[in-house]
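Trainee: Before anything else, here's the structure in question.
The values are calculated or read from the model by the stated rules, or taken from the named source; none is laboratory data. Values in this document were obtained by computation on a predicted structure and should not be read as measured data. We place every Cβ from the backbone using ideal geometry, glycine too, and count neighbours over all the protein chains shown. The protein model used for the area step is the full one, side chains on, heavy atoms only, and it has no ligands, DNA or RNA in it. Shrake-Rupley method; radii C 1.70, N 1.55, O 1.52, S 1.80 Å.
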Amino acid sequence: MFDLFRQVLILATLVLLVVVYFHKSNTRRRSLPPGPKPLPIIGNVLEIPTERSWIKYAEWGRLYGDVIHVKALGQSLIVLNSAKAIFDLLERKGGIYADRPRVVMAGDLVGWNNSPFLGHSGPRHKEYRRLFTEVLSARKVEEWRPLQQAKVIQLAAQLMKSPDAFRAHIKSHVGNLIFEISHGHVVKDDSDALLTVAQQVDHDFAEMVVPGAFLVDVFPVLRHLPSWTGASFIQKAKRYRETLTAALEWPYQQVKDQLAAGTALPSFTTSLIERKENATEEDEFNFKWASLGFVLAGSDTSYGSLTSFVLAMSLHPEVQRKAQAEIDSVVGASRLPTFLDRPDMPYVEGLVREVYRWNPVGPIASPHRLTTEADDVYRDWTIPKGSVVIANSWGVMHNPEVYPDPFEFNPDRYILGKTSDGIRVWSDPLGPDQMVNPDPRKFAFGYGRRICPGQLLADDTVYMGIVTMLALFDIGPLTSGKPPQYTPNVISHPEHFACSMKPRSHQAQDLVMGH
Ligand code: HEM
């Protein structure tokens, strides 16, 4: 009798456990945001795109809604396809969505975990942000405007000499400008040792973060393989680390030497060193990373926007002519445009915004990660702790409900109307949640505690490059056949293309060559 009672009790307990288990897992499954059905164990790995993921994410958005859950080998991925969801999570709850996902090869093995952009949220990342804020505020950025203006004339001179090499000229222009602002380093030519090492590091980094490039990122346990196995990722990690160390040390040491010799030019790095009298080892570690981060994060991105602009002008002569007419009426032909002209040129302003939106340099910003002890809750859904969160900025900027006819390049979309005294009105009255044609800079520069700290500086570089090229050159048409594709990864710019670029007049040539 006692035995029977015990057996019934055990059976009942088992049944209860099974019921509770299924109830729990059902509740969980029900409460996750919708998304494509995962396969057992591997989840949605086979469906998650490794290239131009933003296009697939937008497609999923139309099928499942603006918040999507997908799973890859046990890792939850949340894709946000609307401004509302992005701002609700990454901005309003920014404190818990500020981390970056773990990247084994670039982060753990090569050392990019210490960088401002891949580094985890925490005291060091806060310190980087503080250092950037000090030198990249609106007031500080204005101090670099004379340099921006001087450098853009050098760019124009190069473009007049060899217009076919416009991509190379834009690349050196942006690289030189950023290096001078970051380290006071004046790049003499393309063989410059500091520029070369920074470019090599940039190249290595791009290679490492291509999804699936290294198996160790898919199976982190491989990182424990001993070096005698000769695994190629171990050799590569060593080589990448050595170049990275050089890029961190050389430019920083040069600034220190120049400061000691009294020859240092004003720069981000000089101001960091000068402000802290007895810098500790930890301080210096942070200064080196912040300075290198400045160079790396600033160059390729601004380059991407400016080449995208050249492509847009090659494809849209009518937009170009309208912008040039505005510049001619505000600036005239006897001087070059300045920063002071910007508020008087709403069409050019719209054109700059359209460059950010049309083919954004950061189509999915950079992945964020949720760090909480427990799952988060959004609307009726559970967002599992540790989720990687992707803001599909491209998706928002190509949603016809937010930007009607999103594939058109139309600067007029931002011009809302004129007041009675003829001054054009620029306003975003409803905020990013509801507005039609909101300022795309809200999406192009990322979000929350990871928002691009160089936004104002970048916007000056992009505006100055665009307005100067428009004032001086007739750009286009394409001479390389079909419009190019854009590169398929996190930083996206036009692949190779060629176009005509001719000075607009003799006066334009004199303005540049006379400087
Ligand atoms: C047109 C030019 C630029 C564009 C479109 C751009 C865009 C972005 C985007 C989308 C992010 C990711 C934000 C996120 O994860 O939510 C980012 C991060 C970052 N950007 Fe920029 N950026 C540009 C230029 C610059 C410049 C000139 C600097 C120089 C200081 C810079 C420094 C950084 C840094 C350090 C981060 C990492 C921030 C962090 O993780 O806390 N960027 N940028």
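Trainee: Please report how far the C-alpha centroid of region 50-81 lies from that of region 285-342, rounded to the nearest whole angstrom.
Mentor: 32 Å
Trainee: What is the extension gain from Ala138 to Ala246, computed as 0.36 nm multiplied by their sequence separation minus the C-alpha to C-alpha distance, in nm to one decimal?
Mentor: So the chain would gain 35.7 nm between Ala138 and Ala246.
Trainee: Report, to the nearest whole %, how much of the accessible area of region 48-117 belongs to carbon and sulfur atoms, 1.4 Å probe, protein only.
Mentor: Of all accessible area on region 48-117, carbon and sulfur atoms account for 51 percent.
Trainee: Ok, one more. Describe numerically, in nm with one decimal, the distance between label points set 7 Å from Cα along Cα→Cβ at Arg223 and at Thr263.
Mentor: Modelled inter-label distance: 4.2 nm.
Trainee: For region 31-513, taking Cα atoms only, what is the radius of gyration to one decimal and the Dmax to the nearest whole Å?
Mentor: Here Rg and the maximum Cα pair distance are 22.9, 77 Å.
Trainee: Starting from the Cα of Lys322, step 7 Å toward the Cβ, then list every residue of region 446-467 with an amide N under 14 Å from that point.
Mentor: none
Trainee: Over the C-alpha atoms of region 217-290, what are the Rg and the largest Cα-to-Cα span, Dmax, in Å?
Mentor: Considering region 217-290 through its Cα atoms, Rg and Dmax are 17.7, 51 Å.
Trainee: Take each complete run of DSSP H in the chain, measure how far its Cα atoms stretch along the helix's own axis, and keep only those covering 30 Å or more with mean Kyte-Doolittle hydropathy at least 1.6; list them. List each step's numbers first, then the result.
Mentor: Values: long enough: 2-31 (43 Å, 0.62); 232-261 (44 Å, -0.69); 281-315 (52 Å, 0.33).
Span-like helices here: none at all.
Trainee: Heavy atoms only, 1.4 Å probe, whole protein assembly: order Asp283, Asp217 by accessible area, highest first.
Mentor: Details: Asp283 20, Asp217 50 Å².
Largest accessible area first, the list is Asp217, Asp283.
Trainee: Continuing with the same structure: If you count only protein heavy atoms with a 1.4 Å probe, what accessible area per residue comes out for region 178-283, rounded to a whole Å²? Can you show the working numbers first?
Mentor: Details: 6020 Å² over 106 residues.
Solvent-accessible surface per residue comes out at 57 Å².
Trainee: Report relative contact order for region 31-513 in percent, whole number only (criteria: Cα-Cα under 8 Å, sequence separation at least 6).
Mentor: Computed value for region 31-513: 23 percent relative contact order.
Trainee: Mind running the shape call on region 114-168? Use the C-alpha gyration tensor, a ≥ b ≥ c as the square roots of the eigenvalues: rounded below 1.5 for a/c, prolate if a/b tops b/c, oblate otherwise.
Mentor: Judged from the Cα gyration tensor, region 114-168 comes out oblate (a/c at least 1.5, b/c at or above a/b).
Trainee: Let me ask something else about it. Would you please classify the overall shape of region 109-230 from the alpha carbon gyration tensor, given that a ≥ b ≥ c denote the square roots of the eigenvalues, rounded means a/c under 1.5, and beyond that prolate means a/b larger than b/c while oblate covers the rest?
Mentor: oblate
Trainee: Report the label-to-label distance for Ser191 and Gln485 in nanometres (one decimal), using points 7 Å from each Cα along the Cα→Cβ vector.
Mentor: 3.6 nm
Trainee: Oh, and also: Per residue, how much space in cubic angstrom lies within the convex hull of the C-alpha atoms of region 432-515?
Mentor: Values: hull volume 13.7 nm³, N = 84.
Residue-normalised Cα hull volume stands at 163 Å³.
Trainee: While we're looking at this one, here's another question. Cα gyration tensor of region 76-179, axes a ≥ b ≥ c as square roots of the eigenvalues: rounded (a/c below 1.5), prolate (a/b > b/c) or oblate?
Mentor: Because a/c hits 1.5 or more and a/b exceeds b/c, region 76-179 counts as prolate.
Trainee: Now a separate question. Can you give me the distance in nm between label points at Val45 and Glu495, each placed 7 Å from the Cα along the Cα-to-Cβ direction?
Mentor: For Val45 paired with Glu495, the spin-label model returns 2.7 nm.
Trainee: Right, something else. DSSP loop chymotrypsin sites (Phe, Trp or Tyr not before Pro) in region 363-415 with at most 13 other Cβ atoms within 10 Å of their Cβ, which ones?
Mentor: Loop-located and lightly packed - Phe407.
Trainee: Per 0.36 nm of contour for each residue apart, how much would the distance between Tyr378 and Met513 grow if the chain were fully extended, relative to their Cα-Cα spacing?
Mentor: 42.7 nm
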